[in-house]
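Participant: Quick one: this structure, given as structure tokens, is what I'll be asking you about.
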Amino acid sequence: MLSRSHELLAARNLHPGNIMRSSATLSCSCREVCGLVTDAAPNTVNRVVCYCDDCQAFLHKLDRADLLDDQGGTDVVQLAPASVSFVRGTERIVGLRLTPRGVYRWYASCCRMPLGNTLGPAIPFVGVLARAFEGETQTPDQLFGHPIGRIFGRHAVGHPPEGSTRLNPWLLARAVRMVVGWRLRGKTWPHPFFDRTRRAPNFPLTTLSAEEREALRPLCGPNPSLHRRR
Ligand SMILES: [Zn+2]
Ligand SMILES: [Zn+2]
């Protein structure tokens, strides 16, 4: 009979999150910008589809609405900042904020592919598009499992996906637990987008004017009145 510790070890090894725990690569669409993620596994991240109008507006602003799903959803993997690093093409990284106090949305200037959403170092997480992990030897599903939730469905185009319009306490608690854990375990630094000493962004940043932000609303759900040519 196995000892208790052996049983525990066996149980842990059987957990899909540990079997697949590994490093992963991420890149922009044209592969000018490449990065690495350590400790990539379903139980070390939050993968959710966000239908909020800010995420939609951002992709419309970049002319990358092709990255939204049919209902305007953005499939995002939230990771610990210290687990993400860029190894190539960093000179291409630029940031955009939809409002002066909004989320920092970093993207690759070459192909306008989003590279990571952050709220700044005080709330340590980086939300990377699942699509950035598509590669010859890996898929986002293999690395992180399927999305575990859908949020802000009131902005979804068409009928909101099941369970996406209500606050999901389980999902929220999981996200908070993960971010607090990363903070306590020192996973904020090194941050891929912020300088530790200055607590300031590492890359050039622009902020939309109120008019520019408003101009994007008709493109977004729940009832887009404008359709941008692809
Ligand atoms: Zn969003
Ligand atoms: Zn690119």
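What follows is calculated from the coordinates using simple rules that are stated; it is not laboratory data. Since this is a predicted model, take the numbers as computed values, not measurements. Note that each Cβ is placed from the backbone with ideal geometry, even for glycine, and that neighbours are counted across all protein chains shown.
Participant: Suppose R0 equals 25 Å; then what is the FRET efficiency for Ala215 and Cys110 from their Cβ-Cβ distance, rounded to the nearest 0.05?
Facilitator: 0.55
Participant: Can you list the HN-Hα couplings for the stretch 45-53, worked out from phi with the Karplus curve (6.51, -1.76, 1.60; θ = phi - 60°), rounded to whole Hz and with x for Gly and Pro?
Facilitator: 9, 10, 10, 9, 9, 9, 9, 4, 6
Participant: Can you tell me the convex hull volume per residue for the stretch 19-134, based on C-alpha atoms, in Å³ to the nearest whole number?
Facilitator: Hull volume normalised by residue count: 104 Å³.
Participant: Could you identify which residue out of Arg64, Arg174, Arg112 has the top mean-square fluctuation in a GNM of the chain using Cα springs shorter than 10 Å?
Facilitator: Of the options given, Arg174 has the highest mean-square fluctuation.
Participant: Still on this model: Along its principal axes, what span do the Cα atoms of the chain show, with the longest given first and each in whole Å?
Facilitator: Dimensions of the chain along the principal axes of its Cα atoms: 68, 43, 34 Å.
Participant: Still on this model: Using a simple spin-label model with points 7 Å from Cα along the Cα→Cβ vector, what separation in nm is obtained for Cys34 and Leu119?
Facilitator: 3.3
Participant: So, one more: Between Ser23 and Ala200, what length comes free when the chain is fully extended (0.36 nm per residue of separation minus the Cα-Cα distance, one decimal in nm)?
Facilitator: Additional length available on full extension: 61.0 nm.
Participant: May I pose another question? Please identify, among Thr207, Thr137, Thr99, the residue showing maximal mean-square fluctuation in a Gaussian network model of the chain using a 10 angstrom Cα cutoff.
Facilitator: Maximum among the listed residues: Thr137.
Participant: May I pose another question? log10 I(q)/I(0), Debye, Cα-only the stretch 72-138, no solvent, q = 0.13, 0.17, 0.18, 0.22 Å⁻¹?
Facilitator: -0.37, -0.64, -0.72, -1.09
Participant: Okay, moving on. Treat the count of other C-beta atoms within 10 Å as a stand-in for reagent exposure and order Arg183, Arg199 from fewest to most.
Facilitator: Sorted ascending by nearby Cβ count, the order is Arg199, Arg183.
Participant: Please arrange His60, His159 by how many other C-beta atoms lie within 10 Å of their C-beta, fewest to most.
Facilitator: His159, His60
Participant: Follow-up question, since we're still on this one. Over the chain, what is the percentage of antiparallel beta bridges among all DSSP beta bridges, to the nearest 5?
Facilitator: Around 85 percent of the beta bridges assigned by DSSP in the chain are antiparallel ones.
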